[in-house]
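Undergrad: The structure follows.
The values are calculated or read from the model by the stated rules, or taken from the named source; none is laboratory data. None of the values given here were measured: they were computed from a predicted structure. Positions of Cβ are generated from backbone atoms using ideal geometry, with glycine treated the same way; all protein chains shown enter the neighbour counts. SASA here: full protein model, heavy atoms, side chains in, ligands and nucleic acids out. Shrake-Rupley method; radii C 1.70, N 1.55, O 1.52, S 1.80 Å.
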Amino acid sequence: MEKYIQLSREDVEDAKQRVDFQFNWTNEIEKGRLVIGLYHDEELVGLVSFVRHRDLFNKLLLIEVLEDQQKKGFGGKLLAIVMWDSFLQPDNDGFVQLKSKKTDVETFYRHLGAIEYGQNKIFQTNESLMILKRYLPEGGEIQWITKK
């Protein structure tokens with residue numbers, strides 16, 4: 001079973017005890033970005049950070065699948081959960097923007113239907129729906145941190 005959970009600074013610090021991350025996820029949280037962890041069978045397998053631009057799109061900033069969990073579809077699922085969230089925001093309509101810095105990943109985004117503007121990739125409504133159908137056919141839900 002898979003779960004998508006918004007991670008706190010403490011969650012990331014705890015995970016760093018067991019996992020060698022490529023990116024500084026604590027820094028993402030400190031910058032006020034949403035950081036979502038993907039758990040498969042209770043184990044953290046990947047993370048994604050993004051920000052919401054009201055009435056426009058979600059901007060995906062970082063995505064990381066742990067090395068031993070790559071090539072299992074988790075990257076697509078992390079992308080899809082950002083799209084899912086975009087559909088839940090007023091007038092975002094599933095639009096997601098990202099900047100690709102690795103050429104091998106660009107092929108993947110192109111295959112998924114991204115519109116390219118240099119390093120910038122944009123997924124519009126129809127492409128996001130297709131990706132959701134493929135990677136989250138039963139939908140998705142993020143467990144959000146509730147502030148007390």
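Undergrad: Restricting things to alpha carbons, tell me how big region 64-136 is in terms of Rg and Dmax, in Å.
TA: Using the Cα atoms of region 64-136, the pair Rg, Dmax is 12.0, 37 Å.
Undergrad: Are any of the pairs K31/K71; K31/K99; K31/K133; K16/K77 more than 27 Å apart by Cα-Cα distance, and if so, which?
TA: Correct reply: K31/K71; K31/K133.
Undergrad: Next question, about the same structure. Using a 1.4 Å probe on the protein chains only, how many percent of the accessible area of region 26-144 belongs to carbon and sulfur?
TA: Carbon and sulfur together cover 48 percent of it.
Undergrad: Assuming 1.306 mPa s and 10 °C, estimate D for the chain with Stokes-Einstein, Rh taken as the Kirkwood radius over Cα pairs, in µm²/s.
TA: 103
Undergrad: Which whole-Hz couplings ³J(HN,Hα) result when phi for each residue of region 112-119 is put into the Karplus expression 6.51 cos²θ - 1.76 cosθ + 1.60, θ = phi - 60°, listed in order with x for Gly and Pro?
TA: In residue order, the calculated couplings are 7, x, 5, 8, 10, 10, x, 7 Hz.
Undergrad: Can you compute 3J(HN,Hα) from phi for each residue in region 76-85, using the Karplus curve 6.51 cos²θ - 1.76 cosθ + 1.60 with θ = phi - 60°, rounded to whole Hz and x for Gly and Pro?
TA: After applying 6.51 cos²θ - 1.76 cosθ + 1.60, I find x, 5, 5, 4, 5, 5, 5, 5, 4, 4 Hz.
Undergrad: Per-residue ellipticity at 222 nm for the chain, helices alone: DSSP H runs ≥ 4 residues times -39500 (n - 2.57), over residue total, nearest 500 deg cm²/dmol?
TA: When only DSSP H runs of four or more count, the value is -9500 deg cm²/dmol.
Undergrad: Zone of W144 (label point 7 Å along Cα→Cβ, backbone N under 16 Å): which residues in region 92-132?
TA: Only 92 pass the distance filter.
Undergrad: Which whole-Hz ³J(HN,Hα) couplings does region 8-15 yield from phi under the Karplus relation 6.51 cos²θ - 1.76 cosθ + 1.60, θ = phi - 60°, glycine and proline marked x?
TA: These are the phi-based 3J(HN,Hα) values: 8, 4, 5, 4, 5, 4, 5, 5 Hz.
Undergrad: Let me ask something else about it. Would you list, by chain and number, the aspartates and glutamates whose Cα falls below 12 Å from the Cα of K3, excluding same-chain residues fewer than 8 positions away?
TA: Within the straight-line cut-off, K3 pairs with D41, E42, E43, E141.
Undergrad: May I ask you to list the residues of region 127-146 whose amide nitrogen lies under 13 Å from a point 7 Å from Cα along the Cα→beta-carbon direction of K3?
TA: Only 141-145 pass the distance filter.
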